[in-house]
Amino acid sequence: MTSNTAISEQAREILITNDRGGYTVPTAGLYPYQWNWDSAVAALGFAQFDVDRAWVEIETLFKGQWADGMVPHILFHKSDPGYFPGPDVWGCEGPIPSSGIIQPPIAATMARFVWEQDKGLGRERLAALYPKMVKWHNWIMRWRLHRGAVCTTHPWETGRDNAPDWDNTMARMDASDVGEYTRRDTAHVNSDDRPTKYDYDRYIKLVQMGRRLNWDQAAMLAESPFRVADPTMTFTTLRAARDLQVIGEALGEDTSGIAASIELLVTGAETLWNEELGGYDSRDVLSGEWAGCLSNASYLCWFAGVENAKMLARLRDVMTRVPFPVPSNDPNAESFDARRYWRGPTWAVVNLLIGIGLEDMGHKTEAKALADKTAGLIKEHGFAEYFDPMNGKAAGGGTFTWTAAVWLAWAGRD
Ligand code: DGY
């Protein structure tokens, strides 16, 4: 069995190899650009051995911030024909060629962790980033709230691309006129691990609509058939607000606006409680319908500082039924598929966020059990993008940046 020290060495090597100079790609080939939440986790990984480089990662991400405050989900620093849809399809006009949607806003949380690694070095870097992070937070609060919960306008925004959460909403969309396009993802990895063509047509259809509307949030709000209040966006935004409050106070800023956000988001989080499901769920704000999905995002309540005894019971239950860490979909669900991306596989990164939340909220036993399970998975099956939760087999891309970061910052710690 390889020692933890040797695995940590491999993890550092992955971060260094995926470094493209100021930003890190999630993995070569499949994802050749800077992805928003991947990058935030990369910063946490770098912070374990190179704090300066960790700051650079977040600073580069915010160089792509739009004038209105939005921070895009992908920054296309250098064009790469191996990825679709590239900048020509998105047609965006930010300071760096980019996509027109966001991703879970965990950058503020990761910036707080990087700062805590070395407060002396970090204060100036943090002070420079703070207004930008607040501006992004305010953008989300302005454009994405529904009854205090945060909505996604594209499955890619949540990071959980083909989660069953979106099935009902996607079924109401007509993508018959999407036209011809060539996917690149299935040229890099096994197509059974990836979303289906049915899903992809709808992803591209939404991109085409956003582009036609010039990525104008008001126009998209009026026209888009896809608007879902979801636990990923809501819990990560609430967590980010709490971290921005801590950061703001440390910097001597007035944080009353952030305190108001927190209050509103706490109320919004409870609008995601589906009593019939017995869990935090996604709700389509246009149809009012619940998704009926217990996903890994349902367990992000603690990450957001939201306590819930029923969720804790569910967590204990899923951890006894599944040999590997919390899966992206409940194995009892009809839609469960152990290999297909966000319909069943386990993702180290979401387990990191769940684990941080459990630890913060005092659930030390569960936090440790989850970290140990995640460490065991990585030790046995490597730094894959995601894993079959029943047998641990690696799936998707390999030598993955955030899986390496999860090992360094959490699972592989002594
Ligand atoms: C992809 O290309 O699969 C990404 O998830 C989009 O962000």
Answer yes or no: is there a residue in segment 207-221 that is within 14 Å of the ligand (Cβ to nearest atom), within 30 Å of residue 330 (Cα to Cα) and in contact (Cβ under 8 Å) with a residue 24 or more places away in the chain.
yes
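Just give me the residues in segment 1-28 being outside any helix (DSSP H, G or I) and open to solvent by less than 30 Å² (accessible area, probe 1.4 Å), in sequence order. I'd like the intermediate steps shown before the answer.
Residues of segment 1-28 outside any helix (DSSP H, G or I): 1-3, 18-28.
18, 22, 23, 24, 25, 26, 27, listed by residue number.
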On the basis of being free of Cβ contacts under 8 Å to residues at least 24 places away in the same chain and open to solvent by less than 60 Å² (accessible area, probe 1.4 Å), does residue 200 make the cut?
yes
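Residue 153: more than 27 Å from residue 388 (Cα to Cα) and within 16 Å of the ligand (Cβ to nearest atom), yes or no?
Working: more than 27 Å from residue 388 (Cα to Cα): yes; within 16 Å of the ligand (Cβ to nearest atom): yes.
When the stated conditions are applied, residue 153 passes them.
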Please verify whether residue 171 is among the small types (Gly, Ala, Ser), open to solvent by 40 Å² or more (accessible area, probe 1.4 Å) and either within 22 Å of the chain's Cα centre (by Cα) or farther than 21 Å from residue 336 by Cα (or both), treating the condition exactly as stated.
no
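Show me the helices (runs of 4 or more DSSP H) entirely contained within segment 69-181 in which 3 or more residues are over 30 Å from residue 50 (Cα atoms).
Working: elements: 87-90, 107-117, 119-143, 167-171.
Ranges flagged: 87-90, 119-143, 167-171.
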Members of segment 173-213 found to be under 22 Å from residue 33 (Cβ atoms) and polar (S, T, N, Q), listed by number
182, 186, 190, 191, 208
In the set 76, 84, the lone residue that is at pLDDT 95 or above, under 19 Å from the mean Cα position of the chain (by Cα) and within 15 Å of the ligand (Cβ to nearest atom) is 76
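Say whether the condition of being open to solvent by 40 Å² or more (accessible area, probe 1.4 Å), in contact (Cβ under 8 Å) with a residue 40 or more places away in the chain and away from the ligand (no atom under 16 Å from the Cβ) is met by at least one residue in segment 30-46.
The initial filter retains those residues of segment 30-46 that are open to solvent by 40 Å² or more (accessible area, probe 1.4 Å), namely none.
Scanning segment 30-46, I find no residue that is open to solvent by 40 Å² or more (accessible area, probe 1.4 Å), in contact (Cβ under 8 Å) with a residue 40 or more places away in the chain and away from the ligand (no atom under 16 Å from the Cβ), so the answer is no.
The values are calculated or read from the model by the stated rules, or taken from the named source; none is laboratory data. Keep in mind the model is a prediction, meaning the values are calculated, not measured. Positions of Cβ are backbone-derived with ideal geometry, glycine not excepted, and every protein chain shown enters the neighbour counts. For accessibility, only protein heavy atoms count, side chains too; no ligands or nucleic acids. Shrake-Rupley method; radii C 1.70, N 1.55, O 1.52, S 1.80 Å.
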